Each structure stands twice: as C-alpha cells, then as structure tokens.
Amino acid sequence: MARILEHHAKQMFAQAGIPVPEGYPAISPDQAATIAEGMGGPVVIKALVPVGKRGEAGAVQFAEDSRGASLAARDLIGRYIGAYMIDTVLVEERIEIAAELYLSIIVDRDERKPRVVLSASGGVSIEQVAREDPGAMVTEPISMIRGLPEYRARELWVRAGMTGPVIPKLGQLTNRLWRLFVEHDLRLIEINPLFRTTTDDIVAGDAVMSVDDAASFRHPELARFVVPGTDRSWRPMTDLEIEAQRVHELDPYRGSARYLELEGGNIGFLCGGGGASLLLYDHLIEAGGQPANYAEIGGNPTEQKVAGMTRVVLSKPGVEGLFVAHNITNNTQTDVIARGVVTGIRHAGRDPSSLPVVAREAGLHDEEGRKTFEEAGIVYFGERTTLAEAARTMVDAMSSGGTR
Amino acid sequence: MSRLIDGSTRLLVQGITGREARMVTRHMLAYGTAVVSGVTPGRGGQDVEGVPVFDTFTQAVQETQPSASLVSVPPAATLDAVAEAIAAEIPLVVIATEGIPQHDVLRMLELSDEAGTVIIGPNSVGVIRPGDGVKIGAIGGENPERAFVPGRIGVISRSGGMTSEIGLTLRLAGYGVSTAISVGGDALIGSTPATLLAEFQNDLETDAVVLFGEPGTRFEEDVAHRIRNSEFTKPLVALVAGEFTEHLPEGTAFGHAAAIIEGDSGRPSAKRKALQEAGALVARTLDDVPGLLESTLTNTQRPN
C-alpha cells in the first residue's frame with residue numbers, strides 16, 4: 001500500500017482530466033513566496049508528507065499574499081508531522097468554495113469488489129460523516145467487469161442529494177476517477193474535500209492515492225512517484241529495515257524476508273512462516289520476553305538471505321539473544337536455515353556458542369539442520385518441542401544471561 | 001457441497017513445467033494424487049514426471065477429464081490461468097501463486113462467483129486428505145505423513161505452515177486429519193473459513209475442526225456467526241495469532257474509507273471473544289488444542 005504524495009497524485013488527476021487547483025511544490029520560504037506572487041491571490045500551503053489528517057495536524061495553512069506564503073512555509077518546513085519531516089510544501093491557488101464534497105474508491109474486502117463512497121458533505125473525516133450524518137453518505141460495490149459508467153455515477157450523486165448543473169460534471173469526474181483506479185491498479189483513491197466552486201465547477205481539493213506493490217511490475221509510470229516504505233505508514237523506514245530490504249532484493253524470487261524494527265527489546269526475532277511467526281511472537285510476550293524486532297523468513301530462502309537477515313537482526317543495539325523458530329516446514333530446507341543462521345551470527349561478530357540462541361526447526365532436512373546448529377553450540381529443538389515451549393526456553397535463556 | 005477432494009479427484013496442474021510445480025507434482029504423485037495432466041502454453045506434447053503437458057486447458061479436458069486444477073504460474077499470468085480454468089468449467093481451482101495484483105484477484109473472484117467455481121487461495125499451500133492419500137499443492141512437502149495422518153479432525157488455516165504444524169500437533173497427541181485446508185494468506189481469497197465449514201459439517205468423517213486465525217479481515221467473526229446460526233454444529237477449536245499487533249502503532253492512516261466498511265473487526269482479541277461467545281473452544285497455544293478436543297469429543301471419537 002505504498003503512497004503517492006499529493007502533488008504527484010494531482011499531476012495524475014490533471015492528466016486524466018480531473019480538475020485540480022493550480023499549484024507547485026516549494027522547498028524554501030522564498031520559493032513559496034515566488035509561487036504565491038505569480039498566482040497573485042490568496043493561496044493554500046500544504047505539507048507534502050505521506051500522512052493523513054494533515055489539516056488537524058496544522059499542516060495545511062492559508063495565506064493572503066506572498067509574504068504570508070513565505071511565513072507559512074517557514075513555519076512548516078523542517079517540522080515533523082508524525083514521524084515524517086516536512087521538506088517540501090505545495091503552494092496552491094485558493095478556490096472560491098460553495099461546498100465541500102467527498103469521493104473515494106476503495107477495495108471492500110468483505111464484498112470482494114471495489115466500492116465507491118461519496119457524500120455531499122466532505123472536508124471533515126468520512127468517519128465523522130458516517131457517524132453524524134449517515135444519510136449523506138452513498139456507497140456501492142462496483143463490478144470490475146462492468147465498471148462505473150457516468151450514468152451510474154450520476155445516480156449515486158443524485159442519491160447523495162446533489163442537484164443542478166454539477167450533476168453531469170460529477171458523473172464525468174467520478175468515471176474518470178474510476179478509470180484512474182483501474183488503469184494504475186490502485187488500492188485506494190480519495191478526494192476529500194472535493195470542491196464545488198461558486199461558479200459550479202468541480203475541483204479536487206486533495207488527492208490521496210495508494211498503489212498495489214504487487215502490481216508494480218506493470219506500472220513503471222508510478223515508480224518515481226511512490227514514497228518508499230509508506231506501506232508501513234507510521235514512520236519512514238529505518239536503516240536496518242532498508243538493509244533488510246536490500247538483503248531480500250539480492251535474490252527476490254527465493255523466499256520471503258521481512259524485517260520490522262521495534263522500540264527497545266533484547267531478543268532478536270527471526271521466525272516463520274507468516275502465521276507461526278505471529279504465534280511465536282505472542283508466546284515470547286506471554287512468557288515475559290522482550291523482542292527487539294519482528295522478522296519473518298520463509299518460502300525456502302537461500303543461505304545468503306538467512307545469513308543477511310540474521311546479521312540485520314543482531315545489528316540492532318541491545319539485542320542479546322536470538323530466537324529462530326518455524327512451524328514444521330513443507331518445503332523450506334531447515335539445513336539451509338541452520339547454515340544461514342550460524343553464518344549470520346558470525347558475520348555479526350557474535351559467537352554462536354556464547355550468544356543465547358534457541359532454534360526450533362522441524363521439517364525438511366532437519367537432521368542435517370540439527371547437526372549444524374549443535375556443532376555451532378546452539379540449543380536445537382525439533383518437532384517434539386512445541387512452539388510455546390521453545391518461546392519459554394528462549395525467555396529463560398535470556399534471564400540466565402546466556403550462561404547455559 | 002460434496003467433498004473438496006477425495007480418491008476420485010483428477011488433478012490438472014497449470015504451469016506444470018515450472019521449477020516449483022515440477023517438484024510439487026513429483027511429491028503429489030508420490031503421495032497418491034492422480035495428477036492427470038498439465039498445461040503450459042507452448043510446451044504441449046512434453047511430459048513432467050510422466051504427466052502429459054498440453055498447450056490449452058480445452059485439450060487437457062478432452063484428453064484427461066480433470067476435476068480440479070492447481071494454479072502454479074507467475075503472478076502476472078495467474079488471472080489468465082484462472083479464467084481459463086473457470087471457462088473450462090472446472091469445479092475446483094487451488095491457487096498457489098502469491099503476490100497477484102489485487103485487481104486481478106478481484107477480477108478472478110468475480111468470474112468464479114458468476115460461474116460457481118470453488119476457489120481455494122490465492123497464496124494457498126494446498127489441501128490434503130490423508131485418508132484417501134490425496135493432496136493438492138505443496139502441503140506437507142515430500143513427507144506429508146510427518147504432519148498428516150488419517151483421522152477425524154478437520155483443519156482450516158490462514159497460514160500454510162501452521163496447517164502442517166496443527167497436523168503435527170494432532171498426530172503427536174494421537175489424533176489424525178480428515179481434510180486440512182490452507183485457505184491462503186491474503187485478505188482476498190476465494191473460499192473463506194466460514195464458507196468451508198459446510199465442507200466439514202457435511203463430511204461424515206469429520207468429528208471436529210481446528211481453525212487457525214490471524215489479525216485483519218472478518219473471517220473469524222464470520223465463523224462465529226455460522227456457529228451462532230447453527231450452520232456449523234460440530235466442535236470447533238480456534239487459535240488466533242498476532243495479539244501483539246494490537247499494541248503496535250496503527251499501520252495505515254489511509255484506511256479512513258476502508259475503516260468505515262471494516263469497523264474494528266481485525267483485532268485478534270475481538271476475534272477470540274466472538275468465537276468464544278459463539279461456543280467455539282479458544283486455545284491460547286497449540287499445546288492446548290488436544291486437551292480442548294478431548295474435552296468436547298465423545299469417548300469413541302478420542303484416540304486410544
């Protein structure tokens with residue numbers, strides 16, 4: 001679910017025939033002033049960060065002239081919104097607004113169809129509309145095969161209470177938004193607020209887009225727009241996360257490797273697969289352990305990938321132990337995991353026989369895996385030890401300070 | 001709904017000439033699955049492990065009469081492969097492929113809903129029925145009997161690996177598996193755990209079901225709903241992993257619009273509560289599962 005910043009999204013809107021306010025990005029107060037000067041009227045200054053609810057965070061400001069634009073940009077640039085520092089602002093002409101509407105297309109996973117959501121009252125969060133004025137919101141699942149033609153979009157807007165000359169404009173804009181959604185394999189596209197101007201034009205006041213990482217191979221046009229790491233949206237990627245991604249991409253087609261750095265903790269967590277790692281993490285917490293990260297390796301990764309991930313996990317300051325556990329594997333070779341883990345521990349400059357390490361690896365080639373772990377001085381468990389027991393053993397190993 | 005798979009299942013493998021698919025085909029044949037044909041456009045006339053390969057699904061249907069398909073093709077080609085299987089009116093399609101573009105999944109689910117095709121997956125490690133010696137997919141690898149022995153417990157899991165770990169837990173406790181289904185790790189899947197309960201409700205060889213759940217989606221809530229409505233009346237033991245994710249900062253601030261549709265239903269703690277209130281037995285660890293089964297099954301249903 002990587003995101004696209006507002007000015008890029010609006011560029012795509014404009015190309016698709018969806019009206020947007022005139023606007024340009026600025027990286028300094030002077031540049032913001034110059035842009036405002038050129039527009040010759042009141043402007044809006046918006047922080048370009050991949051974070052929602054910017055209005056509430058004070059990241060959208062209004063100015064009457066170039067001096068005001070400069071002051072607003074000075075206030076915003078360098079500030080943090082959530083975990084993201086503002087380095088660029090968008091300076092836009094201010095629109096004469098008669099009403100603020102809402103329009104989005106999302107994927108409704110229960111219905112298993114895209115869903116269009118629209119409302120005659122926008123500007124505020126759509127959750128608030130749903131809570132306070134549910135009648136104002138109109139929503140319908142859309143067939144991927146039949147799409148969202150203009151006539152259906154017009155019907156929906158009329159149901160939302162819209163009347164008059166904006167109806168055909170809304171129908172056309174909604175159909176164009178649908179086509180953008182399909183053409184770029186988007187997971188979400190949202191305009192909030194969608195302006196009805198005093199001259200009955202319809203203009204997109206904001207533009208939120210998130211793309212499907214799984215479809216990136218057929219969308220080279222999006223590559224330069226996507227903000228990396230925004231699929232985990234609360235903060236930018238850390239150095240270790242970037243390193244883990246690099247390790248994975250050295251051989252992207254063999255096995256999965258995900259690393260998420262967490263605050264504090266002392267247990268390096270390197271487990272799999274997708275479900276078992278969630279369970280194992282729960283078990284560590286229940287046993288009183290403190291994982292320093294969440295990392296998942298699976299799908300029969302290469303030895304190099306396992307070694308690289310092990311090194312990344314152990315590189316975080318404060319990590320004083322390593323938990324390596326999987327469900328009994330279907331086709332993942334546990335001997336390859338064992339060799340990768342031992343190599344990775346050494347690459348991290350640690351001694352596998354003194355670092356507290358607990359390995360629970362059952363399945364394909366686990367006899368060879370056991371030998372590799374045990375020859376390196378690592379505590380090994382096989383299928384007779386349950387996932388919960390392995391987690392408790394790990395926590396015990398930490399509290400005994402690695403002296404086993 | 002009849003059984004998903006049994007001894008009469010005749011399997012076609014789409015993408016059979018791929019590296020992974022060749023290995024899986026070898027393992028399936030060794031286990032006893034009747035793999036009758038494969039399809040790889042451009043490779044018609046070849047064979048993989050003795051299984052004839054065809055250029056098109058239509059040719060394979062005429063020559064070999066498959067009753068199920070395993071899709072093991074790259075993500076970019078999966079929509080076309082699934083559409084081909086649906087057009088050939090194959091009743092069961094198991095999709096192993098992971099990382100398919102979401103819009104393609106939406107398209108294939110819309111096609112399968114219209115045609116009445118049963119889809120398992122995407123991102124499914126497969127389905128196994130040990131009593132009939134048949135499996136579709138990589139499930140159990142080359143030694144399925146390490147995790148899956150014949151028995152009377154059904155398994156539904158959102159995790160492929162945990163499908164096998166549950167099988168192992170059951171085996172070590174003296175139980176066995178009737179059918180185990182990896183539904184796939186994605187949010188958009190063809191057959192959800194709730195829809196698959198019917199399979200086990202009607203299966204005379206299943207006494208109880210073990211369910212493995214994860215954060216996100218409404219799958220576990222839907223299972224609870226079916227139990228409450230008495231659409232599923234056999235004992236169900238559930239394990240929902242990932243409670244720790246509730247204590248991490250919320251993942252996506254863009255989910256505004258989606259949050260309206262989904263509400264607060266993704267939390268493991270809420271899923272456990274819903275299941276418990278519906279009458280399911282909720283385990284904290286896999287270690288609890290055999291004891292919970294024992295507490296609910298009759299003497300004749302327990303292992304010796």
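Along region B:78-91, what does the Karplus equation 6.51 cos²θ - 1.76 cosθ + 1.60 (θ = phi - 60°) give for ³J(HN,Hα), rounded to whole Hz, x for Gly and Pro?
These are the phi-based 3J(HN,Hα) values: 5, 4, 5, 5, 5, 4, 5, 5, 5, 4, 7, 6, 6, x Hz.
Going 7 Å from the Cα of residue A:87 along its beta-carbon direction, which residues of region A:18-42 have the amide nitrogen within less than 18 Å of the resulting point?
The answer is A:25-32.
On a 0 to 90 degree scale, rounded to 10, what angle separates helix A:274-286 from the longest Cα axis of chain A?
For helix A:274-286, the angle is close to 70 degrees.
If packing is taken as the average count of other Cβ atoms within 10 Å, what order do A:252-259, A:29-36, B:229-236 fall into, highest mean first?
Result, highest mean first: A:29-36, A:252-259, B:229-236.
Among the lysines, select those whose C-alpha is under 27 Å from the C-alpha of residue B:234, and discard any that sit fewer than 8 residues away in the same chain.
Candidates past the 8-residue exclusion: B:135, B:271, B:273.
With only Lys, Arg, Asp and Glu charged, each at its Cβ (+1 for the first two, -1 for the last two), find how big the charge dipole of the protein assembly as shown is about the Cα centre; round to the nearest 20 debye.
Computed charge dipole of the protein assembly as shown: roughly 500 debye.
Using all Cα-Cα distances in region A:325-404, what percent lands in each 10 angstrom bin from 0 up to the longest?
20, 52, 27, 1
For the residue pair residue B:233 and residue B:201, what label-to-label distance in nm results when each label sits 7 Å from Cα along the Cα-to-beta-carbon direction?
Those two pseudo-labels are separated by 1.0 nm.
To the nearest 0.05, how large is the calculated FRET efficiency for residue A:163 and residue A:111 if R₀ is 30 Å and r is the Cβ-Cβ distance?
The calculated FRET efficiency here is 0.55.
Select from B:188, B:275, B:11 the residue whose mean-square fluctuation is largest in a Gaussian network model of chain B (Cα-Cα springs shorter than 10 Å).
B:188
Amide H of residue A:81: which non-local residues (sequence gap of 5 or more, or other chain) have their own amide H closer than 5 Å, using H built in the peptide plane?
The answer is A:86.
For residue B:30, put the label point 7 Å out on the Cα→Cβ axis and report which residues of region A:339-374 keep their amide N under 12 Å from it.
It comes to A:364-365, nothing else.
So what is the relative contact order of chain A, in percent, for Cα pairs below 8 Å that sit 6 or more residues apart?
12 percent
Could you work out the relative contact order of chain B, using alpha carbon pairs under 8 angstrom and six or more residues apart, expressed as a whole percent?
13 percent
Peptide A:208-218: average number of partner chain Cβ atoms within 10 Å per residue?
What the average comes to for A:208-218 is 4.
Could you tell me whether region A:241-384 comes out rounded, prolate or oblate from its Cα gyration tensor? Rule is a ≥ b ≥ c as square roots of the eigenvalues, rounded for a/c under 1.5, then prolate if a/b exceeds b/c, otherwise oblate. All intermediate terms of the calculation are to be shown ahead of the outcome.
Numbers: a/c = 1.21, a/b = 1.10, b/c = 1.11.
Verdict is rounded for region A:241-384.
How would the protein assembly as shown be classified by its alpha-carbon gyration tensor: rounded, prolate or oblate, with rounded meaning a/c under 1.5 and the a/b versus b/c comparison settling the rest?
Prolate is the answer for the protein assembly as shown, as a/c is 1.5 or above and a/b outweighs b/c.
Work out the FRET efficiency for residue B:246 and residue A:127 from their Cβ-Cβ distance, taking R0 = 25 Å, and round it to the nearest 0.05.
For residue B:246 and residue A:127, the calculated efficiency is 0.80.
Note down the net charge around residue B:67, summing +1 for each Lys or Arg and -1 for each Asp or Glu among other residues with Cβ under 13 Å from its Cβ. Intermediate values should be presented prior to the final figure.
Details: positive: B:3, B:10; negative: B:6, B:89.
Overall, the nearby charge balance is 0.
Report, as an integer, the average count of C-beta atoms from other chains found within 10 Å of each Cβ along A:383-389.
4
Order of A:240, A:364 from fewest to most other C-beta atoms within 10 Å?
Ascending Cβ contact count within 10 Å gives the list A:240, A:364.
Could you tell me how far the Cα centroid of region A:349-390 sits from the Cα centroid of region A:168-218, in Å?
Value for the Cα centre distance between the two parts: 52 Å.
Taking the Cα centre of each part, how many Å lie between region A:100-145 and region B:19-81?
Between the Cα centres of region A:100-145 and region B:19-81 lies a distance of 42 Å.
Please give the calculated 222 nm ellipticity per residue for the protein assembly as shown, where each DSSP H segment of at least 4 residues contributes -39500 (n - 2.57) and the sum is spread over every residue; nearest 500 deg cm²/dmol?
Here the helix-only value at 222 nm equals -10500 deg cm²/dmol.
If you take each beta carbon of peptide B:136-148 and count the beta carbons of other chains within 10 angstrom, what is the mean?
3
Going by a ≥ b ≥ c, the root eigenvalues of the Cα gyration tensor, does chain A fall in the rounded group (a/c under 1.5), the prolate group (a/b larger than b/c) or the oblate group?
prolate
Taken together, the values in this text are just the output of simple stated rules run on the coordinates, not laboratory data. The shown structure was predicted, so the numbers you read here are calculated from the model rather than taken from an experiment. Note: ideal-geometry Cβ built from the backbone for every residue, glycine included; neighbour counts use all protein chains shown.
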